[in-house]
1. Does segment 1-41 hold any residues that are modelled with pLDDT of 95 or more and within 20 Å of ASP247 (Cβ to Cβ), and which are they?
2. Grab the helices (runs of 4 or more DSSP H) fully contained in segment 104-213, keeping just those with 2 or more residues being surrounded by 14 or more Cβ atoms within 10 Å (Cβ to Cβ) and of a type in the set (Val, Ile, Thr).
3. Just to be sure before I move on: is ASP234 more than 26 Å from MET80 (Cβ to Cβ), of a type in the set (Asp, Glu), open to solvent by 40 Å² or more (accessible area, probe 1.4 Å) and free of Cβ contacts under 8 Å to residues at least 12 places away in the same chain in the structure I sent?
4. For LEU63, state whether it is open to solvent by 30 Å² or more (accessible area, probe 1.4 Å) and more than 20 Å from GLY219 (Cβ to Cβ).
5. Using beta carbons and a limit of 7 Å, which pairs, at least six apart or on different chains, have the first residue in segment 17-31 and closer than 17 Å to VAL140 by Cα and the second one surrounded by fewer than 16 Cβ atoms within 10 Å (Cβ to Cβ)?
6. Consider ALA48 against the criteria (1) farther than 29 Å from LEU208 by Cα; (2) part of a loop (DSSP other than H, G, I, E, B); (3) of a type in the set (A, V, I, L, M, F, W, C); (4) open to solvent by 60 Å² or more (accessible area, probe 1.4 Å): it satisfies all of them except one. Which criterion is unmet?
7. Could you tell me which numbered condition LEU196 fails, if it satisfies all but one of (1) at pLDDT below 95; (2) farther than 14 Å from SER259 by Cβ?
Amino acid sequence: MLKTRIITALVLLPLMLAALFFFPPAAWAAFSWLIIVLAMWEYARMAAIRGMQQWLYLGGSTLLAAAAWFSGFVPDGTMMAISLLVWLVLAPLWLRKRWAIPGGMPAMVLGWLLMFPAWFAFLAWHPDSSAVSGKQLLAVMGLVWVADVAAYFAGKAFGKHKLAPAISPGKSWEGVVGAVIGVAAYVWLVNDLGWLNIPLPLVLLLPLALGLTVVSVVGDLLESWFKRSAGIKDSSNLLPGHGGVYDRIDSLIAVLAVSHALRLLLA
């Protein structure tokens with residue numbers, strides 16, 4: 001399984017890097033929306049949104065995204081505050097109460113609340129084809145990848161105390177500690193390299209990054225709970241060794257949404 005995961009990652013990483021550093025803005029918007037809409041398709045399957053209803057949901061969402069792009073729409077402070085409430089209040093409460101995904105329109109609205117802020121963050125962190133914004137978004141995404149890898153290996157090596165056994169039995173508190181340590185070292189490195197391009201001292205960046213690490217864990221656990229409540233193991237089989245697209249970006253959509261909202265609200 002680990003070998004398959006590594007091979008798939010080695011195939012996908014060059015594609016992501018090419019999109020980040022060589023795609024013009026319109027192509028980047030389309031590419032990043034493809035990632036989001038595939039995750040939305042997998043979410044719709046978990047929420048039992050099927051048949052024509054599913055196609056209308058995905059097609060309508062794509063039309064909304066296209067309209068937002070061509071009109072130059074930018075989410076305002078109210079929308080950013082709602083996004084923060086979703087990830088800092090609603091998602092943890094959802095995990096605590098272990099609610100199932102609702103049906104019908106409530107499920108669709110929940111999907112929009114989870115996915116659209118991440119897409120807008122993809123665009124906001126990388127508004128042009130410059131290497132500066134490309135490295136900045138890569139640094140943000142790298143935080144999630146480092147947290148994921150560090151948690152995996154720390155959990156394998158030291159994991160004894162389960163984080164949320166009823167939701168994701170494989171995750172441990174030792175894995176979370178490993179993620180925190182890995183992210184702290186990572187943020188120090190990318191800040192020293194100048195990739196983040198955020199005018200904050202390291203003493204403030206580190207707590208923010210560690211907070212985003214917690215957000216990434218919440219995003220991961222929320223998708224795990226969605227799968228468990230839907231009675232499935234993976235969101236799909238699109239990515240060999242990784243499951244589905246939503247399996248791979250569950251933490252990323254949370255971190256993108258929260259980091260973008262904080263950047264705008266604190267600016």
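The values are calculated or read from the model by the stated rules, or taken from the named source; none is laboratory data. Predicted, not measured: the structure shown is a model, and the values here were computed from it. Here Cβ is always computed from backbone atoms with ideal geometry, including for glycine, and neighbour counts include all displayed protein chains. Quick note on the areas: whole protein, heavy atoms, side chains included, nothing else; ligands and nucleic acids left out. Shrake-Rupley method; radii C 1.70, N 1.55, O 1.52, S 1.80 Å.
1. Passing the criteria: PHE31, SER32, TRP33, LEU34, ILE35, ILE36, VAL37, LEU38, ALA39, MET40, TRP41.
2. Working: elements: 104-125, 131-158, 173-193.
In segment 104-213, 131-158, 173-193 are the helices (runs of 4 or more DSSP H) which contain 2 or more residues that are surrounded by 14 or more Cβ atoms within 10 Å (Cβ to Cβ) and of a type in the set (Val, Ile, Thr).
3. Details: more than 26 Å from MET80 (Cβ to Cβ): yes; of a type in the set (Asp, Glu): yes; open to solvent by 40 Å² or more (accessible area, probe 1.4 Å): yes; free of Cβ contacts under 8 Å to residues at least 12 places away in the same chain: no.
In short, no.
4. Numbers: open to solvent by 30 Å² or more (accessible area, probe 1.4 Å): yes; more than 20 Å from GLY219 (Cβ to Cβ): yes.
Here the answer is yes, as LEU63 does meet what is asked.
5. Note: pairs meeting the criteria are PHE21/ALA131.
6. Every condition holds for ALA48 apart from (4).
7. The failed condition is (2).
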